[in-house]
Structure formats: structure tokens, C-alpha cells
1. Only residues that are under 25 Å from the mean Cα position of the chain (by Cα), touching a residue at least 40 places away in the same chain (Cβ under 8 Å) and more than 16 Å from ligand 1 (Cβ to nearest atom): list them for region A:403-428, please.
2. Given the conditions (1) under 19 Å from A:Val157 (Cβ atoms); (2) within 16 Å of ligand 2 (Cβ to nearest atom); (3) in contact with a helix residue (DSSP H, G or I) (Cβ under 6 Å, 6 or more places away or on another chain); (4) not hydrophobic (A, V, I, L, M, F, W, C), which single one is not true for B:Pro86?
3. State all residues of region B:349-369 that are within 15 Å of ligand 2 (Cβ to nearest atom) and either in a loop (DSSP other than H, G, I, E, B) or more than 23 Å from the chain's Cα centre (by Cα) (or both); if no residue qualifies, say none.
4. Anything in region B:214-239 that is at pLDDT 95 or above and not in a helix (DSSP H, G or I)? List them, or say none.
5. Would you point out which residue out of A:Val44, A:Val60 is of a type in the set (A, V, I, L, M) and either within 14 Å of chain B (Cβ to nearest Cβ) or touching a Pro at 6+ places or on another chain (Cβ under 8 Å) (or both)?
6. Among what's in region B:326-348 and is buried (at least 23 other Cβ atoms within 10 Å of the Cβ) and assigned to a helix (DSSP H, G or I), pick the residue that is farthest from ligand 1 (Cβ to nearest atom).
7. Residues of region A:254-312 being basic (Lys, Arg), surrounded by fewer than 24 Cβ atoms within 10 Å (Cβ to Cβ) and part of a helix (DSSP H, G or I), which ones?
8. Being within 16 Å of ligand 2 (Cβ to nearest atom) and in a strand (DSSP E or B) is the filter here, so list the residues in region A:343-367 that pass it.
Amino acid sequence: MTTPLATAAVKDASQQRQKRMIAEHFERLAAARDEGRKVVYTFVPGNLTELLGALGLLPVLPEINALQSGMRNRSAAYIAEAERAGHSEDVCTYVKCDIGMLKSGNIGPTGTRLPDPDLLLLSYTGCFTFMKWFELLRQEYRCPVAMLHVPYQSDGVITESMRSYVVEQLRRRVVPALERLAGRPLDMDELAARLARSRRAEEDLVAVWESARHRPSPIDGYFGGVYYVGPIFSSFRGTGDAEAYYRELRSEVESRMARGEGPTTPDGPATGERYRLVVEGPPNWTSFNEFWRMFIREGATVVASTYTRVGGLYDTGFRHDPARPLESLADYCLGCYTNLGLPTRTDLIERYIRDYQADGFVINSVKSCNSFSAGQLLVLRELERRTGVPGAFIESDLVDPRYFGKANIENRLQSYFQMLEARRRGGPS
Amino acid sequence: MAGPLGDCEARLARARALVEDRRLDTVRAWKAGHPGGLAIGHMPVYVPRPMLEAQGCLAVALFGGGDQVDIIRGDSYFQSYICHIPRSTIELALTGDLEPLDGVLFPSICDVIRNLGGMWKLLFPDRYSDYLDLPQDFDPEVGGAFYVRELGRIAGELERRGARPLEPGALREAIARENRRRAALEAMDALRAREPWRVRASEAYLIARAGAALPAQEHATLLEEFLAAAALREVRYRDNVRVVLVGAFCEQPPFELVLTLERAGCDIIHDDLQLGLRAIDGEIRVPEGADPLEALARAYLEQGTAMASRYIGEGEKGVALVRRVCDAAADGVVFAAASFCDPALLDQPMLERALEGAGIPFTSFKFAENTGQFQVIREQAGAFSDAVKLWGKES
Ligand code: SF4
Ligand code: SF4
């Protein structure tokens, strides 16, 4: 689960910066072997980027490769390749896209071959498939795996037992494995400095999210939001670049808000906010802009989304804390959205609907992802019951174009918007 | 208790009645005989049942509705692409069939069971339900310590709801009863592997699954009596291919599917249909003076069977399966995964690769618990069985 790395149609200065950051990261990866730098593959939820950065290790996030492949129309061929190799039609398409990409030469989004991993850091956070994914990759790459089992917050509470379990694993297994790979001990001051930068970036990101309370919202918190979380969900949390990016983004958003402007979209600035929506579930990447336009056309702005919280949930108060480095990394992992029990997820969406004064909410149930999707129809009923706000339910997939039924989704959304309109006019809903 | 020794059919009939007891009448009867006792359901695959027994609870393994339940309401709670067991489990809960349960545990085997646990809390906020996070770190001081704390927490929750406090003496005895059940199961597995015509897989399945809502002791007795009776019965030798059936089974296949494989000429000499009962390999040892809760946790860490929902750690995927096939002198493997089952289907390519490396033939298909058509499976299994026989003759 995760976020695209700025191939955005929007061209704000922050977006330009993000583009440069990504290009530089892929250059570093391309040169990693020659320069003797070690490469760690890991996942977005529960990523330990500050820790990797403090040890000079370079992260690769296979989820991001998969979604990039989806956006570049490569995923169908990769998935077919994996299915030919015996991977079931029924399982998460991110995994198959990644395996297919590997079997096709592991060419990354910038056209260069990605280096093989020196270590697989299995941050087992909020998704069962992660475990299988890296077991599969281990069979392919024959490299070591460091497992970090993050317990599930079934009751929405981090207990001391959970925290200490994660911290102990970090202390006894994950940090030593990374130190061995880096060939040097972890400098705790360096880690703390990175966590402090993360914290400042998180403050700015939360300000960006909260700007959507304003009418019109200056951001789209889903389609636009997936770009905003790019740096903080991926290889940059804790870097000076990420800190600067979020400062810049916040100031752009605040300027738009001051001018009373809507979000930036692939077709320029949005005008005339008609509906304010909350979205639960990941987007479809293969038809991302088409999907977005189904909302833009209707004047629908997404004021908050849960998908943009999978790599870290900051707007309920959590911040990385340089004074408690390992504990706060543990709390970060424990708090990622898909690591929260369904009741907590429902409470959070309810809060978004109320706080952001949403007219409705949409659930995009993706075929790939039981972590997100199992139980969403109950969440829908529960939210309608609690808030009186109507929800829409659509089904698609992340990167398998076979499961993006454009006409069907469009029809559903159109009827939904008509229903919202009728309600607004006081007619039958 | 079962009837006179020597009568397999009586035990099988009892087992079948227990397996088909969807409305949990036996649980109702147990509760009537144990006033104040709690009946605690649990989803597949594994929860440490001796802990529940030590607290005076009846552990009830839940396997969905099989092919006997019409899904009327359950479907409206789930998206299109998902396995079947959560639908039928919700259906049973909404129709009141799970009413006798005082609580349900959801172990951490996959995201569907995990989220089903959350749905339970939303749907039945007044009933006890809990998530059991089984450790994926197998260091006794790290994952083990966490697991002991988890078990202690759940024991406390049960106690608050009227169960007996968890006492070491009672736990030690419950573990001993579980060991007896385990030994009887192992004896049945060994007999099946030796003489598959004496104990058919379909029979072994019924007898094993009958323990879902029985105290370990009672199940052990059923197993032992069945074995004693099977040893004496008249049988006819069959020259079938010997297969291991693999499905990381949580959702159970229809009984007819097991019969179909048998009819297609496959002797299933080992299976993971009742995976939870086999999740710990061998006896749970409680050394003199040791804390039995720690021993129970340690058994999970150190003797855990290789299965899809358990991290492989430093091990090698498929090694356990290859060993199983070799030890049991099996001719091949039949994979039967529940449709949309992440653990089974994500594991399968790794297991297949290991089998290919070892030159072991396999075939695979998918099922749903309410599958009603077996012709294709029968043909596929028949073709597999013929091919394996042919290779066997050639080699
Ligand atoms: S199952 Fe969901 S969370 Fe897990 S890797 Fe796939 S898309 Fe991501
Ligand atoms: S059948 Fe598979 S995916 Fe479905 S609940 Fe069971 S283990 Fe999970």
C-alpha cells in the first residue's frame, strides 16, 4: 500500500522539488553498487527510514515500484508474467506486479535497473501479505531478511506490552542487522536529528491536511494527497529535503487558502467546490487521472482520506520524538492506518466526516487488499447510521486494469452525485 | 461416550453428528451441564485451547457454515473478492446459531480473520471478542515474552467474565489432556500413512474435526476408540496413489470434495485440513517446576508446524513439505486452496518450487466451502493419479 512518486500533472514548486528528490534518489540507487552503498527493500507502512538514513542505507519500496508500474501502464504485463509463473489470480496485485517486474529485469521508473537488495526489512505492519511478499522475494534474491513484527491495534490502543515487543525487536534484531550491513554502529545523535526533522515535517503535513476544513478546500486530500505523502511515506522522512518540501507545500496551500482557491488538479486549479467527500481505500493507479476526473467533473473535492494515512497517521497527534527514538519508531509503526482495528478506523472516518463537514463518503474497495477491504461494507453502514451522511461503494483494483470497470464506476458515482444533489435540494435521497 | 469397541461406524456417526452440529447443540448441552462455564469460540487456525480448558471454558473451533448454510445476510457484508468463511460465519452469527458462545477469539492468521474480529466488535459490542496476536518473532525473550503477556491478558479477560483464574496446576493438567489428544491424532496419522485403506482420509477428517467443540479428553477418547475399532475391522487393500493434501486450511472444503479425491484414486495419507490441531508438532513439554504458561508459549515458538500464517524465519520454504512427502512415502501433493485465501495462495508458489526442486509431482485447484460441483476436480485428480502411476511405473 502506498503513494505515487510525483509524476504529477500539477507543477507547484513543491512538486518540482519532489521530482528532483526522486530523481536524485534513483540516481543514488543506480550508483549504489559502484559506490559500495547497501540497499534495503522495505514497506511503506512501518518504514524505518530515519534508521536506514542514519546508517547510510538506501531504501527501495516495492509497493511504490508497483504503483509506478501501474501509472506507467506496465502493470498488466508484469501481473500476467507473474500469473504465468504460477501466482494466483486471487492475490494482491502489488506482489504480482513486483514479481513480474523482477522477472522482466527489475527496471525502475527512471529506466535504470534497480539494484538487488542486500537485506529485506520486513516491517510486518498492518498487512498479512507483506510477510508472504518478502518470503517470495527471499526465494528470488537469496538475501537475509530482518523481520519486525508489529502487533495489531485491535482495540485502538497501544499497550506497553506491544511497544516493548517492537522496541525489543528493534534493539536485538533489526538495528544489529542494519549495523552489520552498514558496517558501522548506529549513531543515536544522527537518528535523533533525523527524527527531529521528521517531526517538523509532520507538523507541516498536518497543517496541510487541516487546511481542508476551509471552504473551498485548497487541497484534494486523496488524489492530490497521494502526492503530498510521497516524501514522508517513502525514502525521505527525516531528511532536510523532506523538511523543506513540507514547509514549501504548507506555504503554497496556505496561500491558495488565503486566495480562496481550490485544489490543483491535472486540469489546472479546481473551481466551484460542490461536494466535500471523505474517501476510504486506495486509489486505482492504472486509470488514476480518469478516476480523479470523475470527481473533478462533478465539483467533488476529497477533504480527507484514509489511504493517505497508511504510511503514518499524524493528525491524531503522533509525532516522531527524538527524545524516545526507538519507542517513537515503535509507536509510529503501531499507529499506521491499516494496523488499526476496524472500530478505530470507523471512528477515524466518522471524525473526518464531521470535522471536515463532508457531504458524503466513498469507499473504494480494492480487490487486492483484504487488509483494507474486508469489512468495508459494514463500515459503510455504520458510518451512515452514525452520521446520517450517505456513502457510496465502488470496487476496483490498485494496479490490475482488468478490475477497473470504467463505465460501471462512472455510473455508480454519477448516481451517487445525483443522490447528493437531490438531498441537498431536500428531495428524496 | 461412544459405544462398544470394534464399531468404527458408531464413532464415525457420532463424529459426523458433531461436525454437522451447526447450531451448537452440543455446546448448549455442555453449558447446561456446567453452570457458569464459558463457551469460547475461536476462528481457525490456532489458539492454545489448554489455556481455555484450564479456566474451565469449553473451546469451540468455528469453521464457518460449510455447504449447509444459505447465505442471506452474510453476502451484504462483504465485497465480491473474498473467501467464503467470513460470509457464512457472519450469517451464523446473525441468525443466532452462535448464541451459546460467551465470546469469540480471532487469531492473527490473515487480514480477513483480523478484520472479521473488528466487525464482531462493531456488530456485537456487548459480547466478548478478542484478537490473539500470535508472535512472529520466535525468541523466547522477545516474541515469547510478548505471547505470554498476550495469553495472560486474555486469561484476565475471561476471568472477568466468570471463568476460573488461570492456575498453574489446572493448566498443567489441561496440557496433559491436550498431549493425550495429540498422541491419539499422531497414532491415527501414522495408521493412515501405513494402511490408508484401513483409515480413509474422509474418516480421519471426520474424527479429527469432531473435536472442534469437545474437551481434549473427550476427543482423545473418541480418537482412541476409533483407532482401536479400525485396527480390528475388515478392510480391502487398494492400490491408489499416495498423496499429501495441502491447503493451509482455515475454510474447510466440502466433505464431498475429500470423498471426490478418494474416488479419483488418491489415498490422502496426510493433510492439513485440521491444521489447528497439528499446529504444534509433538508433545507440549512442561518440565518439573516450569511455568506451564511459558511452556505452552514455548511449544508454539519452538515446535510450531510450518504453515502459511507463520513466518518462516531462518527456515526454507517447502522443506517441511518435502520432508513430509518423503517421510510418508507419498507419490505427490494435491494443493486445494480456498478461493481468495491469501495465506494459502501466496504460500503455494514457494511450496511448488520446493516440490519441483525435489522432483515431486503436484496438482492444484481451488474450492469454496459451499462448492457443489466436483466433476472437474474429480477429472483433474483422476488424471493426476493416472499420471503419477504412470511415472511411477516408468521410473
Ligand atoms: S494486501 Fe493491501 S496493504 Fe498489503 S501489500 Fe497488497 S495492497 Fe498493500
Ligand atoms: S480462508 Fe484464507 S483468507 Fe479466508 S479467512 Fe481463512 S485464512 Fe483467511
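1. A:Lys406, A:Ile409, A:Glu410, A:Leu413
2. (1)
3. Hits for region B:349-369 are B:Ala368, B:Glu369.
4. Those that are at pLDDT 95 or above and not in a helix (DSSP H, G or I): B:Leu214, B:Pro215.
5. Values: A:Val44 fails: either within 14 Å of chain B (Cβ to nearest Cβ) or touching a Pro at 6+ places or on another chain (Cβ under 8 Å) (or both).
Only one candidate passes the filter, namely A:Val60.
6. Top of the filtered list is B:Gln348.
7. A:Arg256, A:Arg293
8. Restricting attention to region A:343-367, the residues satisfying the condition of being within 16 Å of ligand 2 (Cβ to nearest atom) are A:365-367.
Once the filter is applied, which keeps residues that are within 16 Å of ligand 2 (Cβ to nearest atom) and in a strand (DSSP E or B), region A:343-367 yields A:Ser365, A:Val366.
The values are calculated or read from the model by the stated rules, or taken from the named source; none is laboratory data. This structure is a prediction, so every number in the text was calculated from the model and none was measured. Don't worry about glycine lacking a Cβ; one is built from the backbone with ideal geometry, like all the others, and counts go over all protein chains shown.
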